[in-house]
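To start, the structure itself, in structure tokens.
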Amino acid sequence: MTTNIRARRVFRGRDAEFPTNDADAETPGSRIVDLGPLPGQVGYLMRRAWVAMSQDFLRTFADVAIRPSQYGVLLIIERNPGLKQADVSTALGIKRTNLVALLDGLEERGFARREAATGDRRSYALYLTSKGMALLQRLCELHELHESRMLARIGEEGRTQLLALLAAVREAFGPSQLEQDKED
């Protein structure tokens, strides 16, 4: 049986204890872990928030065996039929070699198909199959459920603020390496 590690943080001169995820526990038992300045650091909290959201996503989508990157690719293909693989890679920040493997899996499961791109035999245009369209409808329903759990905690106004802040952080640090490579 794993119990929660209790972490201690100092915030504005006050100590506060808060429970962390069971998944964070390295060993059974209860102990206090001094996280130092980490809970006040944006990158640390962004990472922890991403892990929590990812875990909920994976639980929500477990029955359909779809990961966040696959969901994103299916959405992009549905919105942009015939888009080239390289464009999907850049749009989602997925390395081209990783996208190939991801698309192989979606194609093997009958959700997407590749066709030679018009005017460029070296490139492939991407399309959803009818099975992929049906799956995407179910995935959008599951995603609503996933998002609703977050909304229950932070509200619509909090969500709007969070999206604006995350967009500002992304803008502050500029385009990803994949986006820069595409521009060159």
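The values are calculated or read from the model by the stated rules, or taken from the named source; none is laboratory data. Small disclaimer: the values here were computed from a predicted structure and weren't measured. FYI the Cβ positions are ideal-geometry reconstructions off the backbone, even for glycines, and counts take in every protein chain you see.
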Those residues of region 47-63 which are touching a residue at least 12 places away in the same chain (Cβ under 8 Å) and exposed (fewer than 13 other Cβ atoms within 10 Å of the Cβ) amount to Ser54, Gln55
Among the residues in region 110-129, are any aliphatic (A, V, I, L, M), assigned to a helix (DSSP H, G or I) and closer than 23 Å to Leu58 by Cβ?
no
Residue check: is Glu78 assigned by TED's automatic domain parsing to the domain that holds Trp50, more than 25 Å from Leu163 (Cβ to Cβ) and either over 17 Å from the mean Cα position of the chain (by Cα) or of a type in the set (Ser, Thr, Tyr) (or both)?
no
Looking at region 5-17, can you tell me whether even one residue there is at pLDDT below 90, loosely packed, with under 13 Cβ neighbours inside 10 Å and either of a type in the set (Val, Ile, Thr) or not in a strand (DSSP E or B) (or both)?
yes
